[in-house]
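Novice: Just dropping this structure here.
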Amino acid sequence: KEEEGGKKEQEEAAKAEEDAAKQEEGEEQVEKKEELLSFAKMLNRINDCTRNTDSTLLAARAAKEKGVKRSAAKKKLATADAVFDKYAKASVMGKKEVQNYAKGEFKFEIPAPALETMLQSLVAAGAKGITKSQFHRLKVKVGIQREKAKDDVRREARLEKERKLAAIKEEYSGKLKAAAEEVEEIEKRAVQTEAEGEAATKEDRSQATSASLTIAAEALDKAVKGIRESIAEAKKTIAAVSADVPAELKLWLSTEEQKLAIRLPHCDVRLFKAVTACTRLREEARRKDYAEISALEGRALKVLRYHKKEVKQSVEELFAAIDTDKDGKIDVAEWLAFFKTCKKPEPKEGAKAEDELTQEELERLFRYIDEEDEGEGIPKERFLHFIRHFM
């Protein structure tokens with residue numbers, strides 16, 4: 001029984017401890033809930049205080065700004081009233097007072113017509129002048145008149161600048177006109193030279209001499225060179241037009257210069273036919289020259305062969321007969337003198353008189369044979385080679 005009683009007491013004690021622990025745990029949870037509720041309430045109060053503070057600060061700031069504006073407005077109004085009182089006479093401003101106000105405050109004289117219009121719009125019927133209540137409107141109208149006066153000055157300055165630019169533009173227009181005339185002249189010359197070159201390539205030159213072909217080629221070449229030099233000068237003229245031009249005229253002048261400059265390359269293109277014709281003429285002149293020289297050689301050798309045969313001379317003796325001064329070279333005077341006095345074959349019946357060698361033809365043949373010695377004379381070796389080669 002004692003053991004059973006002891007166990008029962010132990011169980012009751014354990015149960016009591018368990019109940020006490022549960023009760024303690026419940027109390028802690030209640031305390032935590034109360035703490036959480038208190039913290040939430042405190043946060044709400046903090047947020048309310050913050051909002052109230054912000055609202056108060058905003059209201060204070062707005063009130064301050066309003067007060068500052070009101071104070072500034074009062075000062076401004078007081079200043080305006082002081083200005084009005086300074087110029088007003090018997091609390092009103094008439095024509096004279098308004099003019100004095102404009103001169104004194106702005107150093108500006110209101111034009112008489114504008115002043116009359118201003119007073120008519122501001123002075124009430126039967127009133128002696130502008131009252132203090134109308135002073136603000138007076139200031140606005142005076143400001144408008146001042147701006148109009150400034151606009152007039154600016155307009156006059158603009159018109160004066162435009163007049164100066166117009167004069168400068170007229171000056172540059174004259175330069176452009178001169179450059180345009182120069183370009184037009186070049187274009188005319190280019191067209192003419194192109195036509196001459198085209199005609200030269202088409203005409204019949206079968207009867208032309210090498211000299212005439214050379215002259216025609218040199219004339220075309222000279223014309224082409226002259227035009228190209230003129231083109232280069234025209235480019236310099238056009239470039240010089242834009243020197244020291246005002247900024248306001250640069251775009252206009254650049255456009256006009258481009259219009260002229262773009263025409264010059266077309267002139268150069270036109271010269272192509274003339275250059276081609278010139279090349280062909282020179283080539284044909286060289287062929288003609290070779291043929292003419294060959295013919296002259298044949299005619300001269302015919303005379304030399306005939307003379308040599310008639311007087312029964314060797315080639316060396318023939319050279320000695322021509323070289324009268326015995327310096328080992330035949331000069332042009334000796335050459336011409338020999339052909340003037342030498343024996344010549346009788347012309348055949350019906351032969352043309354021009355078959356006889358002229359002085360010009362003999363000089364031309366002499367220059368051809370003597371070309372390597374540059375006019376110093378035909379040496380014996382070359383003369384002998386000439387005679388033996390063609391005989």
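The values are calculated or read from the model by the stated rules, or taken from the named source; none is laboratory data. Everything numeric here is computed off the predicted structure, so don't read it as measured data. In this analysis, Cβ positions are derived from the backbone assuming ideal geometry, glycine residues included, and neighbour counts consider all displayed protein chains. When the accessible area is computed, the model is the full protein with side chains, heavy atoms only, and any ligands, DNA or RNA have been set aside. Shrake-Rupley method; radii C 1.70, N 1.55, O 1.52, S 1.80 Å.
Novice: Please determine, by comparing only the residues of the range 312-331 that are open to solvent by less than 60 Å² (accessible area, probe 1.4 Å) and assigned to a helix (DSSP H, G or I), which one is farthest from Arg382 (Cα to Cα).
Specialist: Checking each candidate, the answer is Ala321.
Novice: Pairs only if they're at least six apart or on different chains, beta carbon under 9 angstrom, first in the range 250-274 and over 30 Å from Ala200 (Cα atoms) and touching a residue at least 60 places away in the same chain (Cβ under 8 Å), second open to solvent by 60 Å² or more (accessible area, probe 1.4 Å) and among the basic types (Lys, Arg); list them, first residue then second.
Specialist: Trp252/Lys169; Leu253/Lys169
Novice: Taking Ile110, is it β-branched (Val, Ile, Thr) and not in a helix (DSSP H, G or I)?
Specialist: Spelling it out, Ile110 is indeed β-branched (Val, Ile, Thr) and not in a helix (DSSP H, G or I).
Novice: Of everything in the range 115-126, what is out of contact with any Lys or Arg (no Cβ under 8 Å at 6 or more places or on another chain) and surrounded by 13 or more Cβ atoms within 10 Å (Cβ to Cβ)? Give them in sequence order.
Specialist: The answer is Thr117, Val123.
Novice: Out of Lys69, Lys89, Lys74, which single residue is touching an Asp or Glu at 6+ places or on another chain (Cβ under 6 Å) and either more than 30 Å from Asp152 (Cβ to Cβ) or touching a residue at least 40 places away in the same chain (Cβ under 8 Å) (or both)?
Specialist: Being touching an Asp or Glu at 6+ places or on another chain (Cβ under 6 Å) and either more than 30 Å from Asp152 (Cβ to Cβ) or touching a residue at least 40 places away in the same chain (Cβ under 8 Å) (or both) holds for just one of Lys69, Lys89, Lys74, which is Lys89.
Novice: I'm trying to understand the selection: among the residues of the range 180-210, which are among the hydrophobic types (A, V, I, L, M, F, W, C), in a helix (DSSP H, G or I) and at pLDDT below 85?
Specialist: Ala199, Ala200
Novice: Another question, if that's okay. Tell me, please, whether a residue that is open to solvent by 100 Å² or more (accessible area, probe 1.4 Å) and touching a helix residue (DSSP H, G or I) at 6+ places or on another chain (Cβ under 6 Å) can be found in the range 89-103.
Specialist: Yes.
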